[in-house]
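Notes for the one structure printed next.
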Amino acid sequence: MHRRCKMPSCKTGIIWDLCFRPDGSQLIVAAGNRVLVYDTNDGSLIQPLKGHKDTVYCVTYAKDGKRFASGSADKSVIIWTSKLEGILKYTHNDAIQCLAYNPVTHQLASCAVSDFGLWSPEQKNVSKHKVNSRITCCSWTNDGQYLALGLYNGLVSIRNKSGEEKVKIERPNAATSPVWSLQWNPSRDEAIDILAVADWGQRLSFYHLSGKQIGKDQSLGYDPTCLNWFSKGEYLVVGGSNKSCALHTKEGVKLGVIGEQASWVWGVAVKPDSNYVAVGCQDGTIAYYQLIFSTVHGLYKDRYAYRDNMTDVIIQHLITEQKVRIKCRNLVKKIAIYRHRLAVQLPDKIVIYELYSDDAADMHYKVKEKINRKFECNLLVVCSQNIILCQDKRLQCYSFQGVKEREWQMESLIRYIKVIGGPSGREGLLVGLKNGQIMKIFVDNAFPIQLLKQNTSVRCLDMSASRTKLAVVDEHSTCLVYDINSKDLLFQEPNANSVAWNTHYEDMLCFSGNGLLNIKASNFPVHQQKLQGFVVGFSGSKIFCLHVYSMSSVDVPQSASMYQYLEKKLFRDAYKVACLGVTDGDWEVLAHEALEGLDFETAKKAFIRIKDLRYLELIHSIEERKKRGENDNMVFLGDVYSYQGKFQEAAKLYKKASVEQKAMNMFTDLRMFEHAKEYIGSGDPLDKKMLITKQADWAKSSNEPKAAAEMYISAGEYCKAIDIIGENGWADMMIDVARKLDKADREALSRAAMHLTKMEQYPFAAEVYSKMGDMKSLIHLHVEAKHWEDAFTLVEKHPEYKEDVYVPYAQWLAENDKFDDAQEAFHKAGLQGEAVKVLEQLTHNAVIESRFNDAGYYFWKLSMQCLDIAKDEPEKRDEMLAKFQDFQRKADMYYAYHSIQRYTDEPFTSHLPEALFNIARYLLHMMQHGIPHGISKVGTLYALAKQSKNLGAYKLARYAYEKLQSLRVPARFQEAVDLGSVMIRSKPFQDSEELLPMCYRCSTTNPLLNNNGNFCINCSQPFVHSFVSFEVLPLVEFVLDSSLTDEEAVQILDLSIPKPKKGERGNWQESRVGQAQTLRLGDDPEEADDEDDPFNTKMMTFDHGDTEFRPVKVSRQHLQTMSRSDVYILKWPKPLRYQFFRSLLPDVTITQCPKCNKLFHTDDFELQYLQKGHCPFCRSSLDD
């Protein structure tokens, strides 16, 4: 600690108190009955302030620097501004003892003998609080919440901002130990508030805010009168009756004396945020000191130990930046570190620590030994088993138990000492003396060895890793390097203040000086860069530098040194330097330089470092070739140049080595075909073809397909050429190539045909297949192109491919809704089952999608398909006929249900109520034999109920509503059904007679719904419906006598004379009886009675109540009496028989669809045909 006094002595009386302005520019002093203000820069008195009439005991400055206060024995407190003007004065009943400003609210606490007051600028009055003992000192906590009062009775009272006591600290021997000074630690880094208390029991104590004591009392040995903390709370200054001012740690450990005085010290103040201390004495002296804390430290390789807060030792690992702190709780005077040992000198002992483990990264130290003796020394060194103390010219070696083992006396003052390693207990020391001698001392040897002597004094020393070279910095700042064995001076460099050899590389050292770092490798010139501080270590690429108080490691790339070695082609030395630390770019340069220098081992290591697999593969291949006996370095160098992109140089080397083929291959791979041609052998056709092929490959990859194709053709690579032409769609070029090809080259021709097909150039493709004679592929081509006629022509010649044509043809027709043609195609292909499957799938889809008219159409198509199968395959006849009947029934039902579904699901309908009524009745009759998938009974009953009610069939409507109540009705119909069910009960329980159907066979009036089926309840004759309005047609079905065939019956009917309709007859009458035909002219004959018609007689041939249906059976004679116009024949294909119907009302015109054999009222059919252009049921046009 260096100190100097700056303030002149004050002769006005005792200095009772002093304080600094917060910015440190002024010192306020309580001297006599005045307040003195000094300038801290030069110690001059700025102004004495007069205002008190008696001795001023205390002064304090507000934290914001706007005002300060003084308290006096005249019982008054004066508030002063920073401009030194008094602005306020208030009084107490007794002399003012102490003052303190709240650091946050700037509230002033003023303490008198028996009370204390709290004043703030916002208050008019000062609130005062009585205390039962004399107040001697006071201090606020950092947060301004609590005020500590030191009392003469030895107690400490802690009050809140309102003056209420919160904690009372009872202290041992309080009655004989008045508290004379206290202050809270101002550090904001501490987790808790710490109060330092000094009493006249000659103790220094520390307390928590809670009143709990921290640690033990520190005995001072004198009566303390004042204490003050440093701004950051790291140190404490105490003054008192010992006429001095002492520096303590924050735990109270005494570090040393700041200044001896001639009288008691009554006041001490620390300048904010600095190391200046002001001291006020009883004799009026004001002393002003600057404290300078010297660096105490030690270094060994990458471990740096230094002193912190005077009592702690911090060990820093310079590589990992890890730090550990050892608390010594006493003044640390010297530090030494070596390998796993650490020695710390305290005022009364030396403590030796060791690492817990041998791990290089371990940072945990434990105490090994303590030497409880006081030592005086200038330098301290530690070894594995000893400590070395240096005092002037003398070196002393002690064991860790404190036994002096050896002593060396030097001729001159020791200026530098360093442990340079060695076996445990036998380490060597390097010692530099003021007279220029450099000695080597072994711990176990009493005789120093002189290494060399120079003329100038030694400042710094270091020895190289192999102990062969010595670097010295002398008093003239010159760095001198010697060979230890020959004692020769190898070289010297100016402007050095410290030097260090690289611990990883023998031939490299660094030295610092003039703000520059100098790195020297071997005998090469020095490389310089800026660096502040002293070099103290050099390890690999890290340089350890001490600047002021901090140690740092600086990464220094060794690039410059590496390049110096590379210039001399010293690749292995350059590699060693690179290992110390260079950039990736430097490694790459080293690798390439070594490769070009054919030092493959070094190049390999360097390429491994930068992970360049390409060059590693090259080196590996060269090494393998060397093992096989190749030793032409020119070829190897050519390979290296080619890898580096120096192609022309590589080619020249290949040519010199007579391996032109390698040059040609290289240029070919590089697509430098013009250069490659220069190295082609003497007209070798294979080389030429290979070159053209590679050139074509390049043209293809460089997006020049036409050029590539032409080159492939010229090289004879037709398949590759055809693929390129095909990818680009050049049809003309493709057919030209195909025409030039021999028909034996089938692979190339088939590729050409395939590409022409993709381009839809079918005629060209057909030409190629014809050239090849590949009929199967040609047929497939026509099928793919949908050229069916050409395909059929070929199939006629080659029937073995029949299935290959007709199956896809049938599928195409089915996809295009040409089902008739599709059936024929499937038949021709012999795949009836496939046809049925297609139709069944279409039917299923139509039902799922609620296209019931389509479903009906598809079922009709299926039924006709079944008929065809039954005709062609007799063994399946019965099964197919059963399916025919089932599919016909489903077709009828789906066709009819389409109208019901549209009525229930869509807002509008094109059908009349009577039609919907008849359709619903028809469906309900049909449902008695099963309901196909998708048809809703609820929808049918709902439509029937509504239309029955509208048309007056109330009985049937009631029946429908009752049935609906027993079924699960969709929510959208539920309300209408419930309402209809109630409302229909208000109607009469009968059906309108107009609606009741009449049987045209027996003239019986039938109910609207027959639970047994859709036939007459009397004669069981089935009703025949018009397939638009579904009204009952006036038709009666009859069957032929067993002696007649269908064809004979048709022939007889065709020969019959048509009967004229009523109103159409003229004055002539034609008739036929047996074999005679007569024509009568003249008066109208009497109308023949219809009852004489033999068919009418036949119709009545049934038994009333007979459960079995007896159809009307007619003979040849009966047929001859019938008019052809009254008979409708449904000509079903084999194996079915024709159906014959007799119209009983010839005036009612009926139309028959020849395709589906459905019967219609002519008006209904014509309307539907005009609207749709085809039969409403089977969708066939009459034109067909």
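The values are calculated or read from the model by the stated rules, or taken from the named source; none is laboratory data. From a predicted model like this one, the values you see are computed outputs, not experimental measurements. Don't worry about glycine lacking a Cβ; one is built from the backbone with ideal geometry, like all the others, and counts go over all protein chains shown. Ligands, DNA and RNA are excluded from the accessible area calculation, which covers all protein heavy atoms including side chains. Shrake-Rupley method; radii C 1.70, N 1.55, O 1.52, S 1.80 Å.
Separation of region 1010-1035 from region 543-569 is 116 Å, based on Cα centroids. Close amide H contacts of Lys333 (hydrogens built in the peptide plane, cut-off under 5 Å, sequence separation of 5 or more or a different chain): Gln345, Leu346. Measuring between alpha carbons in the structure, the pairs from Lys327/Lys530; Lys861/Lys1158; Lys1113/Lys1158; Lys75/Lys243; Lys393/Lys440 lying more than 25 angstrom apart are Lys327/Lys530; Lys75/Lys243.
Working note: Debye formula, equal point scatterers on the alpha-carbon atoms of region 858-1010, no solvent; log10 I(q)/I(0) at q = 0.12, 0.16, 0.17 Å⁻¹ is -0.60, -0.91, -0.99.
How high is the FRET efficiency from Lys987 to Thr1162, r the C-beta distance, R0 22 Å, rounded to 0.05? The computed FRET efficiency comes out at 0.05. Subtracting the Cα-Cα distance of Ser550 and Phe908 from their residue separation scaled by 0.36 nm leaves 119.0 nm. Assuming a ≥ b ≥ c are the square roots of the Cα gyration tensor eigenvalues, decide whether region 502-608 counts as rounded (a/c under 1.5), prolate (otherwise, with a/b larger than b/c) or oblate. Verdict is prolate for region 502-608. Amide H contacts of Cys226: Gly239, each under 5 Å away and 5 or more positions distant or on a separate chain (H built 1.01 Å from N in the peptide plane; Pro and chain starts excluded). Diagonalising the gyration tensor over the Cα atoms of region 85-160 and scaling each eigenvalue by 5 before taking the square root yields semi-axes of 19, 16, 10 Å, largest first.
Take Met926: with every protein chain present and a 1.4 Å probe, its accessible area is about 30 Å².
Distance between the modelled labels on Glu369 and Gln885, one decimal in nanometres: 12.4 nm (7 Å Cα→Cβ projection). By the equivalent-ellipsoid construction on the alpha carbon gyration tensor, region 872-927 comes out with semi-axes of 33, 11, 7 Å, ordered largest to smallest. Taking every Cα-Cα distance in region 140-210 and sorting them into 5 Å bins starting at zero, the pair-distance distribution P(r) comes out as 4, 18, 30, 24, 16, 8, 1 percent.
Working from label points 7 Å from Cα in the Cα-to-Cβ sense, the Gln213 to Ser477 distance is 5.7 nm.
Taking 0.36 nm per residue of sequence separation and removing the Cα-Cα distance, the Leu967/Val257 pair yields an extension gain of 244.3 nm. Evaluating 6.51 cos²θ - 1.76 cosθ + 1.60 at θ = phi - 60° for every residue in region 1009-1022, the Karplus couplings come out as 9, 10, 5, 8, x, 8, 8, 5, 6, 9, 9, 6, 5, x Hz, glycine and proline recorded as x. If you plug the beta carbon distance of Asn523 and Asn497 into 1/(1 + (r/R0)^6) with R0 = 30 Å, you get a FRET efficiency near 0.85.
Extending 7 Å from the Cα toward the beta-carbon at both Glu601 and Met998 defines two label points whose distance is 12.9 nm.
Across all Cα atoms of region 217-310, the radius of gyration (one decimal) and Dmax (whole number) stand at 15.0, 54 Å. Of the chymotrypsin sites (Phe, Trp or Tyr not before Pro) found in region 924-995, those that fall in a DSSP loop while having at most 11 other beta-carbon atoms within 10 Å are Phe989. An oblate overall shape is assigned to region 13-71, the ratio a/c of its alpha-carbon gyration tensor axes (a ≥ b ≥ c) being 1.5 or greater and a/b not exceeding b/c. Across all directions, the shadow cast by the convex hull of region 936-976 built on its C-alpha atoms averages 2.6 square nanometres. Largest to smallest in accessible area, the residues Glu993, Glu873, Glu427 fall in the order Glu993, Glu873, Glu427 (1.4 Å probe, all protein chains included). In this structure, the amide hydrogen of Phe538, modeled 1.01 Å from its nitrogen in the peptide plane, lies closer than 5 angstrom to those of Thr503, Phe544, counting only residues at least 5 positions away or on a different chain.
Across the alpha-carbon atoms of region 207-258, the computed radius of gyration and Dmax are 11.4, 34 angstrom.
Taking a ≥ b ≥ c as the square roots of the eigenvalues of the Cα gyration tensor, region 104-228 is classed as oblate, since a/c reaches at least 1.5 and a/b does not exceed b/c. For the pair Val324 and Tyr643 in one chain, pulling the backbone fully straight at 0.36 nm per residue adds 109.6 nm over the alpha carbon distance. With a Förster radius of 41 Å applied to the C-beta separation of Glu617 and Glu506, the computed FRET efficiency comes to 0.75. Carbon-plus-sulfur accessible fraction, region 309-379 (probe radius 1.4 Å, protein heavy atoms only): 44%.
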